[in-house]
(Lines give C-alpha, C1' and ligand atoms only; values in the text may rest on other atoms or scores of the structure.)
Protein backbone atom coordinates (compact mmCIF):
# COMPACT_ATOMS: atom_id res chain seq x y z
CA UNK A 1 0.00 0.00 0.00
CA UNK A 2 2.90 2.37 0.66
CA UNK A 3 4.17 1.96 -2.90
CA UNK A 4 0.64 2.46 -4.19
CA UNK A 5 0.36 5.75 -2.30
CA UNK A 6 3.70 6.96 -3.66
CA UNK A 7 2.62 5.97 -7.17
CA UNK A 8 -0.61 7.97 -6.86
CA UNK A 9 1.22 11.04 -5.58
CA UNK A 10 4.00 10.96 -8.17
CA UNK A 11 1.88 9.82 -11.13
CA UNK A 12 1.22 13.37 -12.46
CA UNK A 13 4.97 13.69 -13.15
CA UNK A 14 4.53 11.36 -16.12
CA UNK A 15 2.81 14.28 -17.86
CA UNK A 16 6.21 16.00 -18.05
CA UNK A 17 7.67 13.01 -19.87
CA UNK A 18 4.82 13.07 -22.40
CA UNK A 19 5.15 16.77 -23.24
CA UNK A 20 7.74 16.01 -25.93
CA UNK A 21 5.06 14.06 -27.80
CA UNK A 22 2.76 17.08 -28.04
CA UNK A 23 4.10 18.54 -31.31
CA UNK A 24 4.72 15.43 -33.42
CA UNK A 25 2.27 13.01 -31.79
CA UNK A 26 -0.54 15.26 -30.61
CA UNK A 27 -3.18 12.49 -30.44
CA UNK A 28 -0.94 10.28 -28.29
CA UNK A 29 -0.23 13.22 -25.99
CA UNK A 30 -3.96 13.94 -25.58
CA UNK A 31 -4.72 10.29 -24.85
CA UNK A 32 -1.98 10.18 -22.21
CA UNK A 33 -3.21 13.46 -20.70
CA UNK A 34 -6.68 12.01 -20.13
CA UNK A 35 -5.53 8.54 -19.10
CA UNK A 36 -3.19 9.77 -16.34
CA UNK A 37 -5.93 11.09 -14.01
CA UNK A 38 -8.24 8.19 -14.91
CA UNK A 39 -5.56 5.67 -13.90
CA UNK A 40 -4.87 7.62 -10.71
CA UNK A 41 -8.56 7.59 -9.77
CA UNK A 42 -8.59 3.84 -10.42
CA UNK A 43 -5.54 3.35 -8.17
CA UNK A 44 -7.24 5.33 -5.40
CA UNK A 45 -10.04 2.76 -5.30
CA UNK A 46 -7.49 0.18 -4.13
CA UNK A 47 -5.75 2.46 -1.63
CA UNK A 48 -6.68 1.52 1.94
CA UNK A 49 -7.56 4.11 4.53
CA UNK A 50 -4.80 4.67 7.16
CA UNK A 51 -2.01 3.79 4.75
CA UNK A 52 1.13 5.35 6.23
CA UNK A 53 4.61 6.18 4.97
CA UNK A 54 7.30 7.25 7.43
CA UNK A 55 10.34 8.61 5.60
CA UNK A 56 11.63 10.69 8.51
CA UNK A 57 9.78 10.29 11.85
CA UNK A 58 7.93 13.52 12.79
CA UNK A 59 9.52 15.28 9.83
CA UNK A 60 8.27 13.58 6.68
CA UNK A 61 5.33 11.25 7.14
CA UNK A 62 2.22 10.59 5.09
CA UNK A 63 -1.05 9.25 6.43
CA UNK A 64 -4.10 8.68 4.22
CA UNK A 65 -7.05 8.96 6.58
CA UNK A 66 -10.66 9.28 5.37
CA UNK A 67 -10.27 13.04 4.84
CA UNK A 68 -7.03 12.69 2.87
CA UNK A 69 -8.45 9.93 0.68
CA UNK A 70 -11.43 12.09 -0.19
CA UNK A 71 -9.15 15.04 -0.95
CA UNK A 72 -6.92 12.97 -3.25
CA UNK A 73 -10.03 11.83 -5.09
CA UNK A 74 -11.25 15.41 -5.59
CA UNK A 75 -7.84 16.59 -6.83
CA UNK A 76 -7.72 13.85 -9.46
CA UNK A 77 -11.34 14.33 -10.56
CA UNK A 78 -10.81 18.05 -11.20
CA UNK A 79 -7.49 17.27 -12.90
CA UNK A 80 -9.35 14.85 -15.21
CA UNK A 81 -12.04 17.41 -16.05
CA UNK A 82 -9.39 20.01 -16.83
CA UNK A 83 -7.48 17.63 -19.09
CA UNK A 84 -10.63 16.77 -21.04
CA UNK A 85 -11.66 20.44 -21.24
CA UNK A 86 -8.26 21.32 -22.73
CA UNK A 87 -8.33 18.70 -25.50
CA UNK A 88 -9.67 21.23 -28.01
CA UNK A 89 -9.10 24.52 -26.22
CA UNK A 90 -5.55 24.64 -24.86
CA UNK A 91 -4.16 26.82 -27.65
CA UNK A 92 -6.76 29.53 -26.96
CA UNK A 93 -5.95 29.85 -23.26
CA UNK A 94 -2.18 29.77 -22.97
CA UNK A 95 -0.97 31.71 -26.01
CA UNK A 96 1.83 29.32 -26.89
CA UNK A 97 2.60 28.33 -23.28
CA UNK A 98 0.59 25.10 -23.12
CA UNK A 99 3.72 23.04 -22.40
CA UNK A 100 4.50 25.27 -19.43
CA UNK A 101 1.00 24.79 -18.05
CA UNK A 102 1.27 20.99 -18.19
CA UNK A 103 4.78 21.06 -16.73
CA UNK A 104 3.93 23.28 -13.76
CA UNK A 105 0.63 21.54 -13.02
CA UNK A 106 2.46 18.20 -13.07
CA UNK A 107 4.84 19.56 -10.44
CA UNK A 108 2.14 21.20 -8.35
CA UNK A 109 -0.29 18.27 -8.10
CA UNK A 110 2.11 15.96 -6.17
CA UNK A 111 2.84 18.82 -3.74
CA UNK A 112 -0.88 19.40 -3.19
CA UNK A 113 -1.53 15.68 -2.67
CA UNK A 114 1.32 15.41 -0.15
CA UNK A 115 -0.15 18.41 1.69
CA UNK A 116 -3.51 16.68 1.87
CA UNK A 117 -1.96 13.39 3.01
CA UNK A 118 0.50 14.91 5.50
CA UNK A 119 0.95 12.69 8.55
CA UNK A 120 2.48 15.37 10.76
CA UNK A 121 2.47 19.13 11.15
CA UNK A 122 5.98 19.65 9.74
CA UNK A 123 5.15 17.77 6.53
CA UNK A 124 1.91 19.73 6.31
CA UNK A 125 3.65 23.08 6.75
CA UNK A 126 6.60 22.37 4.45
CA UNK A 127 4.51 21.20 1.50
CA UNK A 128 1.81 23.81 2.09
CA UNK A 129 4.56 26.43 1.87
CA UNK A 130 6.35 24.80 -1.09
CA UNK A 131 3.07 24.82 -3.00
CA UNK A 132 3.03 28.63 -2.93
CA UNK A 133 6.11 29.37 -5.11
CA UNK A 134 5.31 26.41 -7.36
CA UNK A 135 1.86 27.90 -8.00
CA UNK A 136 3.39 31.26 -8.98
CA UNK A 137 4.60 30.35 -12.53
CA UNK A 138 1.16 28.91 -13.33
CA UNK A 139 -0.47 32.19 -12.37
CA UNK A 140 1.83 34.27 -14.61
CA UNK A 141 1.45 32.15 -17.76
CA UNK A 142 0.05 35.13 -19.65
CA UNK A 143 3.09 37.17 -18.64
CA UNK A 144 1.37 40.54 -18.33
CA UNK A 145 1.41 43.17 -15.62
CA UNK A 146 -1.97 42.22 -14.15
CA UNK A 147 -1.15 38.51 -13.82
CA UNK A 148 2.26 39.20 -12.28
CA UNK A 149 0.78 41.63 -9.76
CA UNK A 150 -1.97 39.15 -8.82
CA UNK A 151 0.57 36.33 -8.47
CA UNK A 152 2.80 38.45 -6.20
CA UNK A 153 -0.22 39.32 -4.08
CA UNK A 154 -1.01 35.60 -3.80
CA UNK A 155 2.52 34.89 -2.57
CA UNK A 156 2.48 37.74 -0.04
CA UNK A 157 -0.95 36.92 1.38
CA UNK A 158 -0.25 33.21 1.73
CA UNK A 159 3.48 32.88 2.48
CA UNK A 160 3.76 35.66 5.06
CA UNK A 161 0.91 34.34 7.27
CA UNK A 162 2.33 30.83 6.89
CA UNK A 163 5.75 31.90 8.15
CA UNK A 164 4.64 34.39 10.80
CA UNK A 165 1.48 32.72 12.14
CA UNK A 166 1.13 29.09 10.98
CA UNK A 167 4.72 28.05 11.79
CA UNK A 168 4.74 29.65 15.28
CA UNK A 169 1.42 27.89 15.99
CA UNK A 170 3.09 24.56 15.15
CA UNK A 171 6.05 25.35 17.42
CA UNK A 172 3.75 26.31 20.30
CA UNK A 173 1.68 23.16 19.80
CA UNK A 174 4.78 20.97 19.93
CA UNK A 175 6.03 22.72 23.08
CA UNK A 176 2.69 21.93 24.77
CA UNK A 177 1.92 18.40 23.54
CA UNK A 178 5.33 17.10 22.48
CA UNK A 179 3.69 15.73 19.33
CA UNK A 180 3.47 16.73 15.69
CA UNK A 181 1.48 13.69 14.53
CA UNK A 182 -1.69 13.95 12.46
CA UNK A 183 -3.05 10.45 12.87
CA UNK A 184 -5.32 8.66 15.32
CA UNK A 185 -2.61 6.47 16.83
CA UNK A 186 0.19 8.97 17.55
CA UNK A 187 -1.41 12.40 17.87
CA UNK A 188 -1.63 14.06 21.29
CA UNK A 189 -4.59 16.39 21.55
CA UNK A 190 -4.54 19.72 23.33
CA UNK A 191 -6.35 19.80 26.66
CA UNK A 192 -7.79 22.74 28.59
CA UNK A 193 -7.05 20.86 31.82
CA UNK A 194 -3.33 21.48 31.24
CA UNK A 195 -3.44 24.66 29.13
CA UNK A 196 -5.61 27.76 29.81
CA UNK A 197 -8.65 27.71 27.54
CA UNK A 198 -8.03 31.27 26.33
CA UNK A 199 -4.51 30.30 25.24
CA UNK A 200 -5.89 27.28 23.35
CA UNK A 201 -8.46 29.51 21.63
CA UNK A 202 -5.71 31.90 20.51
CA UNK A 203 -3.78 28.94 19.13
CA UNK A 204 -6.86 27.92 17.11
CA UNK A 205 -7.10 31.45 15.73
CA UNK A 206 -3.41 31.32 14.77
CA UNK A 207 -3.91 28.13 12.76
CA UNK A 208 -6.98 29.50 11.00
CA UNK A 209 -5.37 32.83 10.06
CA UNK A 210 -1.95 31.29 9.36
CA UNK A 211 -3.46 28.96 6.76
CA UNK A 212 -4.61 31.94 4.74
CA UNK A 213 -5.50 29.93 1.64
CA UNK A 214 -8.88 29.67 3.36
CA UNK A 215 -9.30 33.36 2.48
CA UNK A 216 -10.88 34.62 5.70
CA UNK A 217 -10.73 38.38 6.20
CA UNK A 218 -8.17 40.00 6.08
CA UNK A 219 -6.69 37.52 3.55
CA UNK A 220 -9.68 37.45 1.19
CA UNK A 221 -8.43 39.58 -1.72
CA UNK A 222 -5.73 37.47 -3.35
CA UNK A 223 -8.13 34.95 -4.91
CA UNK A 224 -10.36 37.41 -6.84
CA UNK A 225 -7.18 39.12 -8.01
CA UNK A 226 -6.38 36.06 -10.12
CA UNK A 227 -9.11 36.86 -12.62
CA UNK A 228 -6.49 37.54 -15.32
CA UNK A 229 -5.23 33.96 -15.26
CA UNK A 230 -6.52 31.46 -17.90
CA UNK A 231 -9.78 29.65 -17.09
CA UNK A 232 -8.18 26.17 -16.68
CA UNK A 233 -5.75 27.67 -14.15
CA UNK A 234 -8.48 29.39 -12.17
CA UNK A 235 -10.55 26.19 -12.29
CA UNK A 236 -7.73 24.16 -10.73
CA UNK A 237 -6.45 26.84 -8.34
CA UNK A 238 -9.84 28.13 -7.16
CA UNK A 239 -11.46 24.74 -6.78
CA UNK A 240 -8.64 22.51 -5.51
CA UNK A 241 -4.95 23.26 -5.90
CA UNK A 242 -4.70 26.28 -3.58
CA UNK A 243 -7.84 26.86 -1.59
CA UNK A 244 -8.95 23.31 -0.75
CA UNK A 245 -5.47 22.39 0.49
CA UNK A 246 -6.16 25.03 3.15
CA UNK A 247 -9.53 23.47 3.96
CA UNK A 248 -8.12 19.96 4.35
CA UNK A 249 -5.29 21.32 6.52
CA UNK A 250 -7.77 22.94 8.92
CA UNK A 251 -9.87 19.76 9.06
CA UNK A 252 -6.86 17.63 10.01
CA UNK A 253 -5.58 20.14 12.57
CA UNK A 254 -8.99 20.46 14.23
CA UNK A 255 -9.49 16.69 14.23
CA UNK A 256 -6.05 15.55 15.41
CA UNK A 257 -4.51 18.51 17.28
CA UNK A 258 -7.57 19.91 19.07
CA UNK A 259 -10.13 17.12 18.84
CA UNK A 260 -13.68 17.81 17.79
CA UNK A 261 -15.02 17.88 21.37
CA UNK A 262 -12.59 20.66 22.24
CA UNK A 263 -13.42 22.57 19.04
CA UNK A 264 -17.11 22.30 19.95
CA UNK A 265 -16.44 23.59 23.48
CA UNK A 266 -14.27 26.46 22.25
CA UNK A 267 -16.70 27.71 19.61
CA UNK A 268 -19.73 27.33 21.89
CA UNK A 269 -18.48 30.40 23.79
CA UNK A 270 -18.17 33.73 21.96
CA UNK A 271 -15.01 34.66 23.86
CA UNK A 272 -13.06 31.45 23.25
CA UNK A 273 -13.89 30.78 19.61
CA UNK A 274 -17.50 31.58 18.87
CA UNK A 275 -16.35 34.85 17.32
CA UNK A 276 -14.82 32.76 14.52
CA UNK A 277 -18.33 32.04 13.23
CA UNK A 278 -18.81 35.78 12.85
CA UNK A 279 -15.43 36.19 11.13
CA UNK A 280 -16.30 33.41 8.65
CA UNK A 281 -19.91 34.57 8.27
CA UNK A 282 -19.00 38.21 7.65
CA UNK A 283 -16.39 37.07 5.11
CA UNK A 284 -19.01 34.95 3.34
CA UNK A 285 -21.71 37.62 3.17
CA UNK A 286 -19.33 40.46 2.33
CA UNK A 287 -17.64 38.56 -0.51
CA UNK A 288 -21.04 37.43 -1.83
CA UNK A 289 -21.95 41.12 -1.96
CA UNK A 290 -18.68 41.90 -3.79
CA UNK A 291 -19.48 39.08 -6.23
CA UNK A 292 -22.86 40.66 -6.87
CA UNK A 293 -21.22 44.04 -7.56
CA UNK A 294 -18.46 42.72 -9.81
CA UNK A 295 -18.82 43.14 -13.58
CA UNK A 296 -16.19 40.50 -14.36
CA UNK A 297 -17.59 36.98 -14.39
CA UNK A 298 -14.33 35.34 -13.26
CA UNK A 299 -13.96 37.81 -10.41
CA UNK A 300 -17.59 37.14 -9.49
CA UNK A 301 -16.97 33.40 -9.35
CA UNK A 302 -13.78 33.99 -7.33
CA UNK A 303 -15.54 36.07 -4.68
CA UNK A 304 -18.15 33.32 -4.51
CA UNK A 305 -15.35 30.82 -3.84
CA UNK A 306 -14.14 32.90 -0.89
CA UNK A 307 -17.64 32.79 0.55
CA UNK A 308 -17.95 29.02 0.11
CA UNK A 309 -14.60 28.51 1.86
CA UNK A 310 -16.05 30.43 4.80
CA UNK A 311 -19.06 28.09 4.90
CA UNK A 312 -16.68 25.12 4.97
CA UNK A 313 -14.90 26.80 7.89
CA UNK A 314 -18.20 27.26 9.73
CA UNK A 315 -19.02 23.57 9.26
CA UNK A 316 -15.61 22.51 10.63
CA UNK A 317 -15.86 24.83 13.64
CA UNK A 318 -19.19 23.30 14.65
CA UNK A 319 -17.01 20.60 16.15
CA UNK A 320 -19.38 17.74 15.36
CA UNK A 321 -19.25 14.66 13.18
CA UNK A 322 -22.05 15.96 10.96
CA UNK A 323 -20.21 19.27 10.65
CA UNK A 324 -17.12 17.47 9.37
CA UNK A 325 -19.23 15.44 6.93
CA UNK A 326 -20.86 18.66 5.68
CA UNK A 327 -17.47 20.35 5.24
CA UNK A 328 -15.99 17.40 3.34
CA UNK A 329 -19.03 17.04 1.08
CA UNK A 330 -19.00 20.75 0.35
CA UNK A 331 -15.33 20.56 -0.62
CA UNK A 332 -16.35 17.93 -3.20
CA UNK A 333 -19.51 19.55 -4.57
CA UNK A 334 -18.09 23.06 -4.63
CA UNK A 335 -14.82 21.96 -6.25
CA UNK A 336 -16.59 20.27 -9.16
CA UNK A 337 -19.29 22.90 -9.73
CA UNK A 338 -16.94 25.86 -9.34
CA UNK A 339 -14.40 24.35 -11.74
CA UNK A 340 -17.26 24.02 -14.26
CA UNK A 341 -18.24 27.67 -13.77
CA UNK A 342 -14.70 28.71 -14.66
CA UNK A 343 -14.83 26.45 -17.72
CA UNK A 344 -17.95 28.34 -18.84
CA UNK A 345 -16.09 31.61 -18.29
CA UNK A 346 -13.38 30.18 -20.52
CA UNK A 347 -15.96 29.51 -23.22
CA UNK A 348 -17.00 33.18 -23.30
CA UNK A 349 -13.38 34.31 -23.17
CA UNK A 350 -12.41 32.08 -26.12
CA UNK A 351 -15.33 32.58 -28.47
CA UNK A 352 -16.59 36.05 -27.53
CA UNK A 353 -13.42 37.58 -26.12
CA UNK A 354 -15.17 38.82 -22.99
CA UNK A 355 -15.52 38.19 -19.27
CA UNK A 356 -17.87 41.14 -18.77
CA UNK A 357 -21.13 40.11 -17.11
CA UNK A 358 -23.03 42.79 -19.03
CA UNK A 359 -21.71 41.55 -22.36
CA UNK A 360 -22.35 37.92 -21.42
CA UNK A 361 -25.95 38.85 -20.56
CA UNK A 362 -26.31 40.14 -24.14
CA UNK A 363 -24.78 36.95 -25.53
CA UNK A 364 -26.75 34.66 -23.19
CA UNK A 365 -29.83 34.15 -25.45
CA UNK A 366 -27.50 32.70 -28.11
CA UNK A 367 -25.72 30.35 -25.66
CA UNK A 368 -28.60 28.79 -23.75
CA UNK A 369 -26.84 25.46 -23.21
CA UNK A 370 -23.87 27.16 -21.52
CA UNK A 371 -26.17 29.34 -19.43
CA UNK A 372 -28.08 26.20 -18.39
CA UNK A 373 -24.76 24.76 -17.16
CA UNK A 374 -24.06 28.00 -15.25
CA UNK A 375 -27.54 27.81 -13.72
CA UNK A 376 -27.17 24.21 -12.53
CA UNK A 377 -23.68 24.72 -11.07
CA UNK A 378 -24.49 28.11 -9.55
CA UNK A 379 -27.75 26.89 -8.01
CA UNK A 380 -25.97 23.80 -6.68
CA UNK A 381 -23.34 25.92 -4.95
CA UNK A 382 -26.10 28.12 -3.51
CA UNK A 383 -27.72 25.00 -2.06
CA UNK A 384 -30.87 24.66 -4.16
CA UNK A 385 -32.75 21.52 -3.07
CA UNK A 386 -32.02 18.25 -4.90
CA UNK A 387 -28.78 19.53 -6.46
CA UNK A 388 -25.40 18.28 -5.21
CA UNK A 389 -24.53 21.32 -3.09
CA UNK A 390 -27.80 21.14 -1.17
CA UNK A 391 -26.71 18.05 0.77
CA UNK A 392 -23.78 19.79 2.44
CA UNK A 393 -25.55 23.14 2.81
CA UNK A 394 -28.61 21.54 4.43
CA UNK A 395 -26.42 19.53 6.79
CA UNK A 396 -24.52 22.69 7.78
CA UNK A 397 -27.75 24.56 8.41
CA UNK A 398 -29.40 21.80 10.46
CA UNK A 399 -26.25 21.19 12.50
CA UNK A 400 -25.80 24.91 13.23
CA UNK A 401 -29.47 25.19 14.26
CA UNK A 402 -29.32 22.11 16.49
CA UNK A 403 -26.31 23.58 18.28
CA UNK A 404 -28.01 26.93 18.85
CA UNK A 405 -25.70 28.81 16.49
CA UNK A 406 -28.37 31.00 14.95
CA UNK A 407 -25.86 33.57 13.68
CA UNK A 408 -24.22 30.84 11.59
CA UNK A 409 -27.66 29.91 10.21
CA UNK A 410 -28.24 33.55 9.31
CA UNK A 411 -24.93 33.83 7.47
CA UNK A 412 -25.57 30.59 5.57
CA UNK A 413 -29.03 31.70 4.43
CA UNK A 414 -28.09 35.28 3.52
CA UNK A 415 -25.01 34.17 1.61
CA UNK A 416 -27.03 31.61 -0.36
CA UNK A 417 -29.64 34.21 -1.30
CA UNK A 418 -26.95 36.61 -2.57
CA UNK A 419 -25.35 33.72 -4.50
CA UNK A 420 -28.66 33.22 -6.27
CA UNK A 421 -28.81 36.90 -7.15
CA UNK A 422 -25.42 37.00 -8.88
CA UNK A 423 -26.31 34.29 -11.42
CA UNK A 424 -29.96 35.33 -11.89
CA UNK A 425 -29.32 38.16 -14.41
CA UNK A 426 -27.54 35.79 -16.82
CA UNK A 427 -30.29 33.17 -16.48
CA UNK A 428 -32.96 35.83 -16.98
CA UNK A 429 -31.19 37.20 -20.06
CA UNK A 430 -30.95 33.73 -21.63
CA UNK A 431 -34.43 32.38 -21.00
CA UNK A 432 -36.75 35.26 -20.12
CA UNK A 433 -35.71 38.12 -22.42
CA UNK A 434 -37.57 38.80 -25.65
CA UNK A 435 -35.19 41.37 -27.12
CA UNK A 436 -32.37 39.44 -28.78
CA UNK A 437 -29.39 41.01 -30.53
CA UNK A 438 -29.44 39.37 -33.97
CA UNK A 439 -25.91 40.62 -34.70
CA UNK A 440 -24.50 38.10 -32.24
CA UNK A 441 -23.76 34.67 -33.65
CA UNK A 442 -24.12 31.49 -31.63
CA UNK A 443 -20.73 29.80 -31.26
CA UNK A 444 -20.67 26.03 -31.12
CA UNK A 445 -19.46 24.46 -27.86
CA UNK A 446 -16.43 22.21 -28.56
CA UNK A 447 -17.06 18.51 -27.99
CA UNK A 448 -14.51 18.10 -25.19
CA UNK A 449 -15.92 21.13 -23.38
CA UNK A 450 -19.48 19.83 -23.85
CA UNK A 451 -18.51 16.43 -22.40
CA UNK A 452 -17.24 18.07 -19.21
CA UNK A 453 -20.34 20.26 -18.95
CA UNK A 454 -22.71 17.31 -19.36
CA UNK A 455 -20.90 15.10 -16.83
CA UNK A 456 -20.90 17.83 -14.19
CA UNK A 457 -24.56 18.70 -14.80
CA UNK A 458 -25.49 15.01 -14.47
CA UNK A 459 -23.41 14.82 -11.27
CA UNK A 460 -25.40 17.69 -9.81
CA UNK A 461 -28.80 16.42 -10.92
CA UNK A 462 -28.30 12.80 -9.82
CA UNK A 463 -26.33 13.43 -6.64
CA UNK A 464 -29.15 12.14 -4.47
CA UNK A 465 -28.53 8.62 -5.73
CA UNK A 466 -24.94 8.40 -4.47
CA UNK A 467 -24.61 11.06 -1.74
CA UNK A 468 -25.53 8.63 1.05
CA UNK A 469 -22.83 6.28 -0.21
CA UNK A 470 -20.27 9.09 -0.01
CA UNK A 471 -21.38 9.96 3.51
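The values are calculated or read from the model by the stated rules, or taken from the named source; none is laboratory data. Keep in mind it's a predicted model, so treat the numbers as computed, not measured. In this analysis, Cβ positions are derived from the backbone assuming ideal geometry, glycine residues included, and neighbour counts consider all displayed protein chains.
Structural remarks
- Single match in 363, 350, 331 (criterion: crowded, with 23+ Cβ neighbours inside 10 Å and either over 17 Å from residue 431 (Cα atoms) or free of Cβ contacts under 8 Å to residues at least 24 places away in the same chain (or both)): 331
- Taking the listed residues 458, 370, 452, the one that is surrounded by fewer than 16 Cβ atoms within 10 Å (Cβ to Cβ), at pLDDT 90 or above and part of a helix (DSSP H, G or I) is 458, with no other qualifying.
- Selected residue (criterion: surrounded by the most Cβ atoms within 10 Å (Cβ to Cβ)) from residues of region 139-149 that are part of a helix (DSSP H, G or I) and more than 19 Å from the chain's Cα centre (by Cα): 147
- When region 68-80 is filtered for residues that are more than 12 Å from the chain's Cα centre (by Cα), surrounded by fewer than 24 Cβ atoms within 10 Å (Cβ to Cβ) and over 15 Å from residue 106 (Cα atoms), the ones remaining, listed by number, are 69, 70, 73.
- Scanning region 161-186 for residues that are surrounded by fewer than 15 Cβ atoms within 10 Å (Cβ to Cβ), closer than 17 Å to residue 208 by Cα and touching a helix residue (DSSP H, G or I) at 6+ places or on another chain (Cβ under 9 Å) gives 163, 164, 168.
- The condition (being under 30 Å from residue 51 (Cα atoms) and not in a helix (DSSP H, G or I)) is satisfied by just one residue among 179, 193: 179.
- The helices (runs of 4 or more DSSP H) found entirely in region 1-51 include none that carry 2 or more residues being over 25 Å from the mean Cα position of the chain (by Cα) and modelled with pLDDT of 90 or more.
- The set of residues in region 205-226 being surrounded by fewer than 22 Cβ atoms within 10 Å (Cβ to Cβ), farther than 25 Å from residue 255 by Cα and in contact with a helix residue (DSSP H, G or I) (Cβ under 6 Å, 6 or more places away or on another chain) consists of 225 alone.
- Restricting region 240-252 to residues that are at pLDDT 90 or above and farther than 20 Å from residue 408 by Cβ, the residue that is surrounded by the most Cβ atoms within 10 Å (Cβ to Cβ): 248
- Options 128, 104, 136, 174: the member that is over 30 Å from residue 4 (Cα atoms) and in a helix (DSSP H, G or I): 174
- The lone exception for residue 202 - which of (1) buried (at least 20 other Cβ atoms within 10 Å of the Cβ); (2) not in a loop (DSSP other than H, G, I, E, B) it fails: (1)
- Verdict on residue 189 being surrounded by fewer than 22 Cβ atoms within 10 Å (Cβ to Cβ), closer than 28 Å to residue 73 by Cβ and in contact with a helix residue (DSSP H, G or I) (Cβ under 7 Å, 6 or more places away or on another chain): yes
- Count - residues of region 431-449 that are under 26 Å from residue 82 (Cα atoms) and either in contact with a strand residue (DSSP E or B) (Cβ under 7 Å, 6 or more places away or on another chain) or in a helix (DSSP H, G or I) (or both): 3
- For region 11-58, filtering for residues that are in contact with a helix residue (DSSP H, G or I) (Cβ under 6 Å, 6 or more places away or on another chain), under 30 Å from residue 174 (Cα atoms) and surrounded by 14 or more Cβ atoms within 10 Å (Cβ to Cβ) leaves 2.
- Screening 439, 403, 460, 358 for residues that are touching a residue at least 24 places away in the same chain (Cβ under 8 Å), over 30 Å from residue 275 (Cα atoms) and over 22 Å from the mean Cα position of the chain (by Cα) leaves exactly one candidate, 358.
- Qualifying residue in region 258-265 (condition: farther than 22 Å from residue 128 by Cβ and free of Cβ contacts under 8 Å to residues at least 24 places away in the same chain): no
- Just one of the numbered conditions (1) buried (at least 16 other Cβ atoms within 10 Å of the Cβ); (2) touching a helix residue (DSSP H, G or I) at 6+ places or on another chain (Cβ under 6 Å); (3) closer than 30 Å to residue 210 by Cβ is not true of residue 65: (2).
- On the stretch given as region 176-219, residues that are free of Cβ contacts under 8 Å to residues at least 12 places away in the same chain and under 19 Å from residue 284 (Cβ atoms) total 1.
- Qualifying residue in region 267-283 (condition: under 19 Å from the mean Cα position of the chain (by Cα), within 29 Å of residue 461 (Cβ to Cβ) and crowded, with 24+ Cβ neighbours inside 10 Å): no
- Checklist (1) buried (at least 21 other Cβ atoms within 10 Å of the Cβ); (2) in contact (Cβ under 8 Å) with a residue 40 or more places away in the chain applied to residue 100, failing item: (1)
- Checked against (1) out of contact with any strand residue (DSSP E or B) (no Cβ under 7 Å at 6 or more places or on another chain); (2) surrounded by fewer than 24 Cβ atoms within 10 Å (Cβ to Cβ); (3) modelled with pLDDT under 90, residue 355 passes all but a single condition, namely (1).
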